[in-house]
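Scroll down for the structure; my scribbles are underneath it.
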Amino acid sequence: MYDTISIFYKLDRDEYDYFFKYLNELSYNKVGKKLYKPRNDKNAYVTYAFMEYGFYEIKLRWRKDKNYRAIELFIKPKLLIETGNHYEVTNPEEMEKVREVFNRYAQKHRLPDLLFWNVKRIDYAIDINLPKEMIIKYLFLFKKSNHPEYMRIDKTTQRFFDCEHNLYLNSKNITINYYDRYKALKNKQLVGELIFLNTNRVRNKFRLEIQYKNCKGKLYNFLNYEFGKSTILYFYNLVIGPGAYLPLEKAIENTFNENISFKKGVKLRNFLKYIDNEGGIFEAKMRFIKENNNRCKAIKDFSKMLNDIRKLGLNPICLPSSWGMDQMPNLIDKINDQFDQIKSNFLN
């Protein structure tokens, strides 16, 4: 449920000087390289020498203009308790063990308990088991879904949008990242970031991840099963939504419903065709807004039609006829099953 976590702790001058000297020596002895200034962060010194232990990144930050000093850690909790486990997320029942291991390091240097560090970012994630070919198909459909405009127009989103192995929707405070775990780790292996890695362990793993950024508060506020679950489900329902995937013709058949008036049925059938012709919900929404003078009303009307389609148990994105498939189930049941398993392990 927790993949990576970014935390920080404010230091005074003596503490900063102590850690600068200590980490410099430790890093040099470990990898032959001292702390250095990263190219895109002029106010910090960094080392990646301790990635294998779960400390993916250690930074010492000094803002002279604000007399601010801090130590920042970007950690992967799973690696703190299982050497070499780059594959799995850390579930709630494991966090006490993570805390114990972390605190053994922290107490040696008079740093606080893990739970009382300030949070910058926490990534909530679950893995769904799917055949590789189905992961690609779901990502194809997800790229046609209801992407928030502020995410879709983001420059980072645009840079990665054409990749068939992930859906990456970025914004200042939230990043949605749905991706093929096997392909992601294979790419890291190819560039030498993770060398001794058995990528076969994540074959057929589809990761759904929400990067929750610019957090405010202590870590204990964010290590909450219900909060993590609601965060993942909220953005899944916002972007993907409920409903099975059907070919256009079959989806249209499902709008002939005795509970739907003739006029509304025609409207919904035209709406399905409109989305299909435009290539996706986002594209259809942008055109719909452009064709109407009142932007707010257009957004409201479009959202209502979207919800009316979903109430029929349909996803507004239709299956390509070339796939020769009659239906693809929504992943929401698999997601809920995964959360039930996490909760069961946590309570037991």
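The values are calculated or read from the model by the stated rules, or taken from the named source; none is laboratory data. These numbers were taken from a predicted model, which means no experiment stands behind them. Every residue, glycine as well, gets a Cβ built from its backbone with ideal geometry; the counts of neighbours run over all protein chains shown. Side chains are part of the model used for accessible areas, which takes the heavy atoms of the whole protein and leaves out ligands, DNA and RNA. Shrake-Rupley method; radii C 1.70, N 1.55, O 1.52, S 1.80 Å.
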- Query: Tally time: how many residues in the range 236-272 are more than 28 Å from the chain's Cα centre (by Cα), surrounded by 14 or more Cβ atoms within 10 Å (Cβ to Cβ) and not small (Gly, Ala, Ser)?
  - Reply: 13
- Residue within the range 280-302 that is in a loop (DSSP other than H, G, I, E, B), closer than 26 Å to Phe140 by Cα, among the small types (Gly, Ala, Ser) and under 24 Å from the mean Cα position of the chain (by Cα) present: yes
- Does any residue of the range 102-119 turn out to be assigned to a strand (DSSP E or B), open to solvent by less than 30 Å² (accessible area, probe 1.4 Å) and touching a strand residue (DSSP E or B) at 6+ places or on another chain (Cβ under 7 Å)? yes
- Out of curiosity, is Arg99 open to solvent by 40 Å² or more (accessible area, probe 1.4 Å), at pLDDT 95 or above and touching a helix residue (DSSP H, G or I) at 6+ places or on another chain (Cβ under 7 Å)? yes
- Task: Just name the residue that is farthest from Phe20 (Cα to Cα) out of those in the range 34-93 that are open to solvent by less than 60 Å² (accessible area, probe 1.4 Å) and among the acidic types (Asp, Glu).
- Result: Asp41
- Task: Could you tell me whether the range 120-137 includes any residue that is over 23 Å from the mean Cα position of the chain (by Cα), more than 16 Å from Glu209 (Cβ to Cβ), of a type in the set (D, E, K, R) and modelled with pLDDT under 95?
- Result: no
- Grab the strands (runs of 3 or more DSSP E) fully contained in the range 13-82, keeping just those with 3 or more residues being under 28 Å from Glu94 (Cα atoms). 55-63, 68-75
- Query: Has the range 321-335 got at least one residue that is at pLDDT below 95, more than 23 Å from Phe161 (Cα to Cα) and β-branched (Val, Ile, Thr)?
  - Reply: no
- Report, by residue number, each residue of the range 9-33 that is surrounded by 14 or more Cβ atoms within 10 Å (Cβ to Cβ) and small (Gly, Ala, Ser). Ser27
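Take the residues in the range 184-234 that are basic (Lys, Arg) and out of contact with any helix residue (DSSP H, G or I) (no Cβ under 8 Å at 6 or more places or on another chain), then tell me which one is least open to solvent (accessible area, probe 1.4 Å).
Here the residue is Lys213.
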- Message: Let me confirm something: among Tyr138, Tyr87, which residue is touching a Leu at 6+ places or on another chain (Cβ under 8 Å), assigned to a loop (DSSP other than H, G, I, E, B) and within 25 Å of Phe339 (Cβ to Cβ)?
- Response: Tyr87
